[in-house]
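Take a look at the structure below.
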Ligand code: MN
């Protein structure tokens with residue numbers, strides 16, 4: 001598909017305006033500030049975004065950090081660009097606002113609403129924010145270590161899952177691996193080496209498999225591309241945590257990707273691969289017939305070769321592949337083209353089903369703007385279906401599974417905090433350790449030096465992280481003959 005070329009004169013003008021506005025400002029790297037908006041511009045261009053989004057990307061820091069006003073932007077570049085810049089600004093001030101409020105109550109919920117509204121207005125706001133975060137991460141080494149860790153952690157908790165929810169696979173991997181390197185540098189290097197060694201030792205057998213599959217597919221006259229897929233360091237880290245660090249339980253360390261012309265060929269290719277190798281029981285996943293929630297489509301199958309090598313195959317069409325890597329950005333682009341075509345024909349086109357949540361979010365945002373009441377709990381914003389986000393009094397975002405309790409939160413902050421909990425304030429009010437946390441809560445943990453971990457706390461946690469920390473402490477503190485009751489932990 002040929003892209004409508006963005007108007008370069010308008011974009012060049014935006015660059016000039018941004019250069020002038022940021023004149024005399026410098027980044028922590030020592031470079032002139034304009035380097036950052038220009039990098040964001042480049043990322044948005046690579047993602048194939050439209051002209052207004054690119055211009056808003058160039059101007060995204062001007063309203064907050066320079067003398068330029070929203071009015072100026074509206075005059076120079078029109079309503080739509082101003083709208084996007086305003087959204088990005090709101091998104092960051094909504095979060096900064098969290099840090100300033102001293103009276104928690106109504107302000108909290110309002111700030112959360114502001115965040116959601118800013119997101120809901122136009123999904124392109126979020127895409128600009130993601131491009132902004134990506135460049136900030138790429139240049140994170142210039143910041144002091146404590147800031148590095150904080151930004152990297154927030155990216156792992158909020159922005160990488162968001163990229164996943166939008167099915168922007170390439171972005172998710174880059175955000176996650178860049179962040180993980182700062183959050184846990186030693187583990188990062190260790191796993192990176194592990195992946196390299198494993199891949200190296202699998203190289204030969206993989207080559208043989210590639211040749212066999214190529215020959216078989218050619219024989220059936222299927223047009224295809226075959227390539228290796230390397231697992232990202234962070235996703236390996238997460239898998240290992242799930243499988244008790246047993247690397248042999250991770251079957252998709254090496255995967256081969258078969259990209260074919262159409263859906264029929266996907267199933268034909270699957271049949272051919274299964275006739276060559278033995279499929280592993282329960283390891284065939286048909287995400288073509290049943291796409292993932294984010295719209296991801298592919299067939300996955302893990303097979304065992306004659307030489308007892310375990311390999312995962314991922315089979316998909318070109319479109320599916322494009323969507324798996326670029327996700328929302330890709331479909332945004334295709335839909336924009338479709339929208340224009342259909343508009344000319346007098347047809348109204350809706351977003352594909354997997355992106356309907358965006359429409360829902362936009363409708364809710366519109367209602368809120370009109371001052372109508374909306375029950376947020378009824379909203380199916382499935383950005384993070386099984387997660388909630390709560391805040392520390394300083395405004396740091398902590399993600400927890402739904403149903404998490406104050407002790408889960410405390411142990412997530414630090415085990416030193418977890419061990420000494422005497423109480424909790426939720427949204428500024430005294431609460432108790434049995435109270436389940438809710439989306440947007442501001443949670444303040446009260447501690448005392450004299451407090452020690454209690455066995456009864458095992459009933460008041462649901463995360464395996466907090467559970468293992470607590471068990472660890474109890475073992476240290478209790479006499480060896482003390483029996484710790486077994487409790488089920490929810491995942
Ligand atoms: Mn920025």
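The values are calculated or read from the model by the stated rules, or taken from the named source; none is laboratory data. This structure is a prediction, so every number in the text was calculated from the model and none was measured. We place every Cβ from the backbone using ideal geometry, glycine too, and count neighbours over all the protein chains shown.
Consider the range 133-153. How many of its residues are outside any helix (DSSP H, G or I) and within 14 Å of the ligand (Cβ to nearest atom)?
The qualifying residues number 2.
So which residues in the range 185-203 are touching a residue at least 24 places away in the same chain (Cβ under 8 Å) and either under 21 Å from the mean Cα position of the chain (by Cα) or under 12 Å from residue 237 (Cα atoms) (or both), if there are any at all?
Within the range 185-203, 187, 188, 191, 192, 194, 195 meet the criteria.
Please enumerate the residues belonging to the range 447-468 that are under 19 Å from residue 400 (Cα atoms) and free of Cβ contacts under 8 Å to residues at least 60 places away in the same chain.
Correct list: 457, 458, 459, 460, 461, 464, 465, 466, 467, 468.
Kindly evaluate residue 13 against the criterion of being more than 16 Å from the ligand (Cβ to nearest atom) and assigned to a helix (DSSP H, G or I). Before the answer, list the steps.
Details: more than 16 Å from the ligand (Cβ to nearest atom): yes; assigned to a helix (DSSP H, G or I): yes.
So residue 13 passes the test.
Among 130, 156, which is assigned by TED's automatic domain parsing to the domain that holds residue 87 and within 13 Å of the ligand (Cβ to nearest atom)?
It is 130.
Provide a single number: the residues in the range 456-481 that are modelled with pLDDT of 90 or more and more than 26 Å from residue 397 (Cα to Cα).
Qualifying residue count for the region: 1.
Which of the residues belonging to the range 49-67 are within 13 Å of residue 20 (Cα to Cα) and away from the ligand (no atom under 14 Å from the Cβ)?
The one that is within 13 Å of residue 20 (Cα to Cα) and away from the ligand (no atom under 14 Å from the Cβ): 67.
Need the failing condition index for residue 85 against (1) at pLDDT 90 or above; (2) away from the ligand (no atom under 14 Å from the Cβ); (3) over 23 Å from residue 174 (Cα atoms), just the number.
With respect to (1) at pLDDT 90 or above; (2) away from the ligand (no atom under 14 Å from the Cβ); (3) over 23 Å from residue 174 (Cα atoms), residue 85 is out only on (2).
Considering each residue of the range 162-211, count those that are in contact with a strand residue (DSSP E or B) (Cβ under 9 Å, 6 or more places away or on another chain) and crowded, with 20+ Cβ neighbours inside 10 Å, and give that number.
The qualifying residues number 1.
How about the range 179-285: which helices (runs of 4 or more DSSP H) wholly inside it have at least 1 residues that are under 30 Å from residue 145 (Cα atoms) and assigned by TED's automatic domain parsing to the domain that holds residue 321?
In the range 179-285, the matching helices (runs of 4 or more DSSP H) lie at 185-219, 233-242.
Any idea which residue in the range 30-48 is farthest from residue 140 (Cα to Cα), counting only those that are within 13 Å of the ligand (Cβ to nearest atom) and part of a loop (DSSP other than H, G, I, E, B)?
If we take residues in the range 30-48 being within 13 Å of the ligand (Cβ to nearest atom) and part of a loop (DSSP other than H, G, I, E, B), then 34 is farthest from residue 140 (Cα to Cα).
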